[in-house]
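Shown next, in structure tokens, is the structure this report addresses.
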Amino acid sequence: MKNRLGFLLFFSLVTFSSFGQNKETALPDPLIFNNGKKVNNAREWTARREELLQTFRSEMYGTSPGRPKDMRFEVFDHDKNALNGKATRKQVTIHIRENGKEAKFDLLIYIPNKAKHPVPAIIGINFIGNQAINADPGIKLTEAWVENSKMFPCAVDGKATDACRGVNAKQWQVDSILDAGFALATMYREEIASDRKEEMFKTGVHTLYPELQNREDNFGTIAAWAWALSRGMDYLETDKDINAKKVAVFGFSRLGKAALWAGASDTRFALVLSNESGAGGAKLFHRGVGENIRRLNTVFPHWYAKSFRKYMDQDTVLPFDQHFIVDLIAPRPVYIASAENDKGSDPEGEFATAKEADVIYRFFKTNGLPVKEIPALNKSVMGQIGYHIRTGGHDVTSFDWKQFLIFSNLRLQK
């Protein structure tokens, strides 16, 4: 309680010109400790970084469990001739036991056969099930609930069918990822933790840790997805075909929020790719533009900790903001992608976050974000922080993946 009060009472503010607004907005300074003292060097940043992590655990994402003591990996599929010989497909069930209960979720991995092993990898969570990212008939159909929506009308009574195979392939660009020399690993959000309000905290990994729910800093669903990404990394560290020192974590929309928190809280991820993660992801709340804290906490009450609700209608005066999340990734590379018509994600606010994070990346003597102004449409800028805003709306496109793969190759080959 003392640390939390200290955080709320002592924070230093800097100002920046808000994109799209004719006013100045106050932002908390990442280089000022909660007690008002200034961070002067990398050693002091280590302490400040831990302070920021604790702030997000207590005030927004909630407290996550550590690495499970009872976890095992079951490789139930190993096909060296997948995708017409282009890749080796592995499917792994991650089993976790805690408090006398078990949860499990499947990790689908494609490894390029022509690339020199071990290969770098990209890991991310998908929306519709592993079978949806590619029409490959060898992918196991998820047994978890699957939505039947206008965009993905393939499930029957909440169950995946063969019609669900490949329905989300456009957003995953498996061939391009493999051609670039990367392995791809993915898992399904509903197998990890339910994204439905009526089922919140009743399924998946949440059932293992009931003691983390009856508290203000409870284990939220964004945090659960991020935690599962770290469990995926636990497996990748055991796979001799994967270079675990060169694993990028990727996410789109709400799963981009999870990818950012995974990258911030787990330094094993060498690079972070955030695609239109918006509010609670890469955009600044302080702008007061786009999706806000009230909507996050009312429409999606399971995503964040209960403690985050006290900040509803306080977006522009928060004692923290999402530039701190990118600061926590520093000096590791991060790429933030926006779309022109994705107003809810506030593209200018996502760029503003990248621009604010540049301070910490320069503190670490990297080239940070190489521009001061938001770039032209469909033009990528790549320092240690990468950014683009493309034409179109809320989606993952071939343009996005092209930039992600160029950036990842540039940064992970150093």
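The values are calculated or read from the model by the stated rules, or taken from the named source; none is laboratory data. Computed from a predicted structure; not experimentally measured. Cβ atoms come from the backbone with ideal geometry, glycine included; neighbour counts cover every protein chain shown.
Points worth noting:
- If you filter region 248-274 down to residues that are within 14 Å of residue 394 (Cα to Cα) and polar (S, T, N, Q), you find that the one that is surrounded by the fewest Cβ atoms within 10 Å (Cβ to Cβ) is 253.
- Count of region 166-187 residues which are in contact with a Gly (Cβ under 9 Å, 6 or more places away or on another chain) and over 16 Å from residue 126 (Cα atoms): 0
- Residue in region 364-379 that is touching a Leu at 6+ places or on another chain (Cβ under 9 Å), at pLDDT 95 or above and either outside the structural domain of residue 55 (by TED's automatic domain parsing) or acidic (Asp, Glu) (or both) present: no
- The set of residues in region 67-90 being under 14 Å from residue 185 (Cα atoms) and touching a helix residue (DSSP H, G or I) at 6+ places or on another chain (Cβ under 8 Å) consists of 87, 88, 89.
- Residue in region 242-260 that is assigned by TED's automatic domain parsing to the domain that holds residue 105, modelled with pLDDT of 95 or more, on the phi > 0 side of the Ramachandran plot and charged (D, E, K, R) present: no
- Among (1) of a type in the set (Gly, Ala, Ser); (2) assigned to a loop (DSSP other than H, G, I, E, B); (3) within 19 Å of residue 364 (Cα to Cα) - the single one residue 386 does not satisfy: (2)
- Flag if residue 127 is modelled with pLDDT under 95 and either closer than 24 Å to residue 304 by Cα or crowded, with 16+ Cβ neighbours inside 10 Å (or both): no
- Residues that are polar (S, T, N, Q), crowded, with 16+ Cβ neighbours inside 10 Å and modelled with pLDDT under 95 are absent from region 54-74.
- Pick from region 190-224, criterion among the hydroxyl-bearing types (Ser, Thr, Tyr) and over 16 Å from residue 126 (Cβ atoms), ranking: surrounded by the most Cβ atoms within 10 Å (Cβ to Cβ): 209
- Tallying residues that are without any contact (Cβ under 8 Å) to a residue 12 or more places away in the chain and among the basic types (Lys, Arg) within region 171-214 yields 1.
- Scanning region 395-409 for residues that are in contact with a helix residue (DSSP H, G or I) (Cβ under 8 Å, 6 or more places away or on another chain) and not in a loop (DSSP other than H, G, I, E, B), we see that the one that is nearest to residue 367 (Cα to Cα) is 405.
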